[in-house]
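Please read the structure below before turning to the comments.
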Amino acid sequence: MSEPLFVPTRFRPTDEQLLIQSTRARHVLIEANAGAAKTTSLALRMAQALLRGAQPSMLLALTYTEPAVQALRQQLLFVGVSSEQIQAIRIHTFESFCASMLGAIEGEGVLQLSTQEQVKPYVLRAIERAQSLPQERYPDELLSGVAPGAMVEGLLQTFAVLKGRMLMEQLPPETPISPALAEELGLDYLSLRVRSAFEFIRRGGHPDRPAFRFEGDATYDLARALSAEESEIDAACLAQGLALIVVDEMHDTNRAMFTVLKALLAQNRRAAFVGVGDRDQVIHSQAGAEAAFMHESFSQEVGQPIRLPLTASHRFGPELAQAAGALAGGKPYVAAQARATEIRRMACESHRVMARMVAEAAREHLQQKELHELRILLRHPAQSVLIESELLKLGVGYRVDGFQPFLRRRELLWVRGLYAFCRDDFSAFTSASLRAEVLAAMMQFAGALIDSTELRHLDAVSAQRRAIDEACAHPDGMRSFIEGQVLRNASSLALPRLRAAMAVLKSQDLVWFSEGFLKALDPATLAGAVLVRQIDIHQVRDNITQLVQLVAGEDEGLDGGFRLLQKLHEGQARMQANPRVTLSSIEAAKGLEFDHVLIPHLSRGEFVGEVSAAENRNLLYVAMTRARRRLSLAFDPRKPSRFLQEAGLV
């Protein structure tokens, strides 16, 4: 006799969803397509467990992000689970779940840091400690020539990679840190040494709990303890009497998360497990995410699962479903015939034309009421420079997500500061905070440190902050600061390049600026001397390249081009951001959906990055499948991206 099935209140499940809901296997992995109602299907499976008699507290759901937690709560309510039951179900991110487990063991007292600004002082201490250890065997490898403050962001990204992949924990015990090991891991020796010093500081010398935790540390700490031969944490603490464990967006799982998941399954042997993901949405591989944890790693380390498909898209129509399936290598993909998603192809023969067309499309979007949000998805932040400029010219308010507005990017403030110095006109920088940002950017890319007898009692970071604050009290203070600190203390690498770039700016020759400024400044070399990550270095180069194109393309002379930047900055300050238009990185849009998605820069050679071709393809797949009712693709028809060709869209 078949068991009764939970019946949702607002829709009729598909055959695929009914199979997922009713299957009684211990381990179930769902291969889902984008837009195929992954979260709704998990909610149905959880509702079925409740119908079978499980108490809400016996259900544990793990997700990658806090928005995913809220999305699962909403879908449980949507399918008909009561609010009281939802409140009792344990729904966590991996990080919050691990933090709760550690909190029960450690008690109170672990400081939780949530921003890079909060953790920065500890990273700076770790840099100082790593560079001053008396027993250091490779001191020359620790001489970076980079200002410590400029290294923080890149170092934290490296720490995230090491934690997510648990690279150090997979080495033989007592493996010494050396330049050869760093090269083997694909990292630099300084980063490994600073990471070791940072962990020493973070753990605070306390045997039972660390001094503080930052993003990802709770998952890493629990996974590390669970995998240690002599663990200070008894894995039995994970025995929760669970009846069902589910994981949403499982393709984002990294080694640390998977270690915790394995321990949970081992300690709750009567619990069923359902994981759902889409191998074509793995876009965080640099932080350790691997589709293998849904495939061969799961089979080898946990057991053979039942694999079920979830192919039918509820988000978009058949034409987009067909294109997404083709882009993903021909995997099955169907969509409801009743839902239609319009696909528009925008022919743009140049970047400037493309930016203008994108801005006009945004203005048209705001003039109609049928489509709510337009999300303009970019592969690289530098691609927003011309688009933001055109949006501001048209008076179209917009938001950004995943990167800074182009007028506040440090490398563009650097160039604007150089030009203001060459023209001896700092009137564009009307606020003390903006002046401080400009001077800090100029100090960073000049590789300069404050030289002041009055400030020698302070560390380098505090001395720079104090000197800049004093200089920014009045616009005229910028001139003397640039002369006396930026140029006088610039590194031997930076100074000749800065002077060559200033000669171009002083000439007021727009052609020379267009053709010679980048060569004179050599931004990639200067950025490479003060930044750690290659992706950051390339973004500096690309942003300045786009700035040159913007200024040179205005046909108002060099002074007119830089006055335009000031005008745009003032206009943006007055303009109210419109939530219906957002420029965004693809990563920031993952897991979300929008009425209208516009993807520019899809010409050959533009949709590329620091990752593999497979991950670039995954990024485009994720971007395309965010669309509900309209997808717009902008590219040069003479040289479309091969990804568009693979998707059958050109």
Report, largest value first, the span of the C-alpha coordinates of segment 391-441 along each principal axis, in whole Å.
-> 32, 23, 18
Heavy-atom accessible area order for 343, 535, largest first, 1.4 Å probe = 535, 343
Within straight-line cross-link reach of residue 38, aspartates and glutamates at Cα separation under 16 Å, skipping those fewer than 8 residues along the same chain | 15, 16, 248, 249, 252, 278, 280, 593
Sequence-distant lysines (8 or more away, or on other chains) whose Cα lies within less than 26 Å of residue 369 = 393, 590
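Could you tell me the ratio Rg/Rh of segment 1-154? Both radii from Cα atoms, Rh via Kirkwood.
Dividing the radius of gyration by the Kirkwood radius yields 1.20.
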What figure in square angstrom, to the nearest 10, would you give for the accessible area of residue 306 with a 1.4 Å probe?
-> 80
Do you know the relative contact order of segment 525-622, to the nearest whole percent, from alpha carbon pairs under 8 angstrom that are 6+ apart?
-> 16
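Using a probe of 1.4 angstrom, how much of the accessible area of the chain is carbon and sulfur, in percent? Each step should come with its number before you reach the end.
Numbers: 13830 of 28020 Å².
In the chain, the share of accessible area belonging to carbon and sulfur is 49 percent.
What shape does segment 503-625 take by its C-alpha gyration tensor, where a ≥ b ≥ c are the square roots of the eigenvalues and a/c under 1.5 counts as rounded, a/b above b/c as prolate, and the rest as oblate?
Oblate, since a/c reaches 1.5 and b/c is not below a/b.
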Over the heavy atoms of residue 393, what accessible area does a 1.4 Å probe trace out, to the nearest 10 Å²?
-> 90
Whichever lysines have a C-alpha closer than 20 Å to that of residue 519, once near sequence neighbours (fewer than 8 apart) are set aside | 506
Alpha carbon centre of segment 72-150 versus segment 455-511: separation in Å?
-> 35
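Evaluated at 20 °C with a viscosity of 1.002 mPa s, what Stokes-Einstein diffusion coefficient in µm²/s does the chain have when Rh comes from the Kirkwood expression over alpha-carbon pairs?
79
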Determine, for each peptide in 559-567, 598-606, the mean count of other beta carbons within 10 angstrom over its residues, then list the peptides with the highest first.
-> 598-606, 559-567
Ranked from the most accessible area to the least, with a 1.4 Å probe and all protein chains present, what is the order of 541, 270?
-> 270, 541
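Leaving out ligands and nucleic acids, note down the accessible area per residue over segment 1-43 with a 1.4 angstrom probe, in whole Å². Intermediate values should be presented prior to the final figure.
Details: 2160 Å² over 43 residues.
I get 50 Å² per residue for segment 1-43.
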Ignoring ligands and nucleic acids, residue 587 exposes an accessible area, probe 1.4 Å, in Å² to the nearest 10, of 70
Mean shadow area of segment 315-377, taken as a quarter of the surface of its Cα convex hull (nm²) | 5.6
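Return one quarter of the surface area of the convex hull spanned by the alpha-carbon atoms of segment 141-190, equal to its mean projected area, in nm². If you can, show how the numbers build up before the last one.
Details: hull surface 15.0 nm².
Approximately 3.8 nm², given one-decimal rounding.
The values are calculated or read from the model by the stated rules, or taken from the named source; none is laboratory data. What you see is a predicted model, and the numbers here were worked out from it, not measured in a lab. Counting neighbours? That spans all protein chains shown, and the Cβs are built from the backbone with ideal geometry, glycine included. Note: areas computed on protein heavy atoms with side chains; ligands, DNA, RNA excluded. Shrake-Rupley method; radii C 1.70, N 1.55, O 1.52, S 1.80 Å.
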